[in-house]
Amino acid sequence: MIPMDWIYGLLGGLMIGIAAAIYLLGDGRIMGASGVIAGLWQSVGSTVWQGRALFVVGLVGAPAIAAWAMGGAETNATTNPVLLVLAGLLVGYGTRLGNGCTSGHGVCGMSRLSPRGIAATVTFVAVGVVVMAVGRHVLGVI
Amino acid sequence: MRAAISLLSGALFGLGLLVSGMTDTAKVQGFLDLFGAWDPTLAFVMGGAILPMAVAWVVAGRRRLSLTGEPLPARPAAIINARLLGGAALFGAGWALVGLCPGPAIASLSFGGWPGLVFFASMVLGMIGFQWRDARKGVAA
């Protein structure tokens, strides 16, 4: 018996992949969440900017409506403000320095067998595993 | 046309993140917790997402333009440098600390409460901080 979480994971994953495919074949763009966000304060008002802004409207709005219809959703995120700020800064700075995140390097890069995408994905997963191991099981802070 | 494509793919991306459980930080941190109660769900999400996108790349390779008439992105030079790996390493560390990456952080803004907003604001600050440092150092992007 396959756990339902895995089936939902596969189903949601297919939706993410189809979204990325629509973005690529429809508008010639690589669907990277960090790049789209960082592009919101560049060339404001241009047609490219409008596309990014509408993408974000859909990305915030669709889960908002779905979560409301389901009677709410939970992120179960930590309430430790130090962890939240530190993690946010690292994710923001790191994704710009490395030019991508889980969607751009992970989904779009790996599906293209891009050496950069694969190298970045292997690196952020490996570092994530190490930080989790130390942070949760040695220091007990995560 | 571009407006409809952008809105549709953003909405589908957000719904996929919600359905797959990736807006739940416990599931993401569970995937990274290889030495604890490991949760492989994220691997199914990544696999499910890569399948249609791999097909899309094959189709893109046979075409020159997108539906909106934009050129399809060329394959970038396979340059694996310290910048790419250092950025990925910093990102991976932050990802593990809270269990949020940029996509789910945005998709969960409506229901993530104040922790989601604090994370999001810090992430934007980190992005602006990078651009500021990058512009000052004059490092080529």
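Neighbours of B:R2, meaning other residues whose beta-carbon lies under 9 angstrom from its beta-carbon, give a summed charge of -2 when Lys and Arg score +1 and Asp and Glu score -1.
Across the accessible surface of the protein assembly as shown, with the other protein chains kept in place and a 1.4 Å probe, carbon and sulfur atoms take up 71 percent. Per residue of peptide A:42-50, the mean number of Cβ atoms on other chains within 10 Å of the residue Cβ is 1.
Accessible surface of A:L11, taken over heavy atoms with a 1.4 Å probe and every protein chain present, rounds to 90 Å². Its DSSP H runs of at least 4 residues, each contributing -39,500 (n - 2.57), put the calculated 222 nm mean residue ellipticity of chain A at -21000 deg cm²/dmol, to the nearest 500. Taking only Cα atoms and a 10 Å spring cutoff, compute GNM fluctuations for chain B and point out the largest among B:A74, B:A43, B:A60. Of B:A74, B:A43, B:A60, the Gaussian network model singles out B:A74 as fluctuating most.
Spin-label model, B:A4 to A:W49: label points 7 Å out along the Cα-to-beta-carbon direction sit 2.6 nm apart. Taking all protein chains together, B:W132, A:W41 sort by accessible area into B:W132, A:W41, largest first [probe 1.4 Å].
If we count every other residue with Cβ under 15 angstrom of A:V36's Cβ, Lys/Arg +1 and Asp/Glu -1, where does the sum land? Overall, the nearby charge balance is +3. With a ≥ b ≥ c taken as the square roots of the eigenvalues of the C-alpha gyration tensor of the protein assembly as shown, please select rounded if a/c is under 1.5 and otherwise prolate if a/b is larger than b/c or oblate if it is not? Note, shape of the protein assembly as shown comes out rounded. The largest accessible area among B:T68, B:T23 belongs to the first residue in B:T68, B:T23, and the rest follow in falling order (1.4 Å probe, all chains).
The mean count of C-beta atoms from other chains within 10 Å of the C-beta of residues in B:76-82, rounded to a whole number, is 4.
Shape class for chain A, computed from the alpha carbon gyration tensor (a ≥ b ≥ c): rounded, with a/c under 1.5. Using the Cβ of B:A77 as centre and a radius below 14 Å, the other residues enclosed give a net charge of +4, where K and R count +1 and D and E count -1.
Taking Cα centre as origin and charging only the Cβ of basic (Lys, Arg, +1) and acidic (Asp, Glu, -1) residues, the dipole magnitude of chain A rounds to 340 debye. Calculated [222 nm] ellipticity per residue, helices only, for chain B: -23000 deg cm²/dmol; basis is -39500 (n - 2.57) per DSSP H run with n ≥ 4, divided by all residues, nearest 500. With all protein chains in place and ligands, DNA and RNA left out, the 1.4 Å accessible area ranks B:E70, A:E74 as A:E74, B:E70, largest first.
What's the buried accessible area, both sides, between B and A using a 1.4 Å probe, rounded to 100 Å²?
Roughly 9100 Å².
Heavy-atom accessible surface of the stretch B:12-95, averaged per residue, reaches 44 Å², computed with a 1.4 Å probe. In order along the stretch B:121-131, the Karplus-derived 3J(HN,Hα) couplings, from 6.51 cos²θ - 1.76 cosθ + 1.60 at θ = phi - 60°, round to 4, 5, 5, 5, 4, x, 5, 5, x, 5, 4 Hz, and Gly and Pro are given as x.
The values are calculated or read from the model by the stated rules, or taken from the named source; none is laboratory data. Just so it is clear, the model here is predicted, and its values are computed rather than measured. Neighbour counts run over all protein chains shown; Cβ positions are idealised from the backbone, glycine included. SASA here: full protein model, heavy atoms, side chains in, ligands and nucleic acids out. Shrake-Rupley method; radii C 1.70, N 1.55, O 1.52, S 1.80 Å.
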